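The structure appears right after this line, and notes come after that.
The values are calculated or read from the model by the stated rules, or taken from the named source; none is laboratory data. All values derive from a computational prediction rather than experimental measurement. Don't worry about glycine lacking a Cβ; one is built from the backbone with ideal geometry, like all the others, and counts go over all protein chains shown. Areas reflect the complete protein model, heavy atoms only, side chains present, ligands, DNA and RNA absent. Shrake-Rupley method; radii C 1.70, N 1.55, O 1.52, S 1.80 Å.
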Amino acid sequence: MSEAARLPDVIDTAPAFTAEQVAALNARFAGRPTAEMLAELLTGELKGRIAVVSSFGAESAVLLDLVAAVDRSMPLIFINTQKMFGETLAYRDGLAESLGFTDLRVYRPDPYEIARRDDKSLRWAYDPDGCCDLRKVEPLRRALAGFDAWISGRKGFQSGRAGLPRFELDEGRLKINPLADWDKAAIDAQFTLRELPRHPLEAAGYPSIGCQPCTSQVQPGEDPRAGRWRHWDKTECGIHNQPVF
């Protein structure tokens, strides 16, 4: 074929999933067991197109154990904000190893952006939204480049997350919340059944664990997420925006 007759290259910029496809998935898997849903999707239409994202927080082991039972080679993404508890980093390494994950990918904030926007490393103290955007949202966006779908560990029983669907549309990608309909009792029962290790900070009064400067101990009777961004009008880091169906 001559150069003149060569067809031009075309870049497909269409989103990987549409709202209609997401709605169809929610209908298709309504009431289906979580493990069955994951097995069907991760060995079928989403194989090679999906990653699991974990904060390695207090309840992360349950989701990761379910994923590992299907595909231990799936990319496992962790965003190291460089403000994490040392206990979380140690728990990450031990849990990922014990569950047999073979592709742990650690992403960090852009050092040039840190120097430009948080050179004193104190942005969390006066602009927590900006800090989360810099240290969590932007690195995750880079981490998910090349994937059509990702798995989140959010649960519907957590404050502010009532009615959470199993499937959402997130920046053109499919976001799956396998534990959307699990309650706290089911989570705890799975820890016992599977003999999963607990995050070491949970016993010290941290039922929800994020970055060290913005996570405090929770007192008896408080909401489990009360220790996140205490005294700020903030409940999410920004990774999980309003779902689109």
FRET efficiency (Arg117, Arg72; Cβ distance; R0 51 Å; to 0.05) is 0.90
Which of the peptides 80-87, 30-37, 213-220 is most tightly packed, and how do the rest follow, judged by the mean count of other Cβ atoms within 10 Å per residue? 80-87, 213-220, 30-37
Interchain or sequence-distant (5+) residues whose placed amide H lies within less than 5 Å of the amide H of Leu104 are Leu76
Under a Gaussian network model of the chain whose springs join Cα atoms within less than 10 Å, the largest fluctuation of Ile79, Ile187, Ile114 belongs to Ile114
Where in region 52-80 does the label zone of Glu202 land, with the point 7 angstrom along Cα→C-beta and an amide N cut-off under 11 Å? 57-63
What are the ³J(HN,Hα) couplings of region 85-97, residue after residue, when phi is run through the Karplus curve with 6.51, -1.76, 1.60 and θ = phi - 60°? Round to Hz, x for glycine and proline. 5, x, 4, 5, 5, 5, 4, 3, 5, x, 5, 4, 5
When only Cα pairs under 8 Å and 6 or more residues apart are kept, what is the percent relative contact order across the chain? 24
Run through the DSSP bridge list for the chain and note the antiparallel percent, rounded to the nearest 5. 35
Looking at (1) 0.95; (2) 1.04; (3) 1.08, which value of Cα Rg over 2.2 N^0.38 Å comes from a calculation on the structure shown? (3)
Hey, can you find the accessible area per residue of region 1-143 for me, probe 1.4 Å, expressed in square angstrom? 52
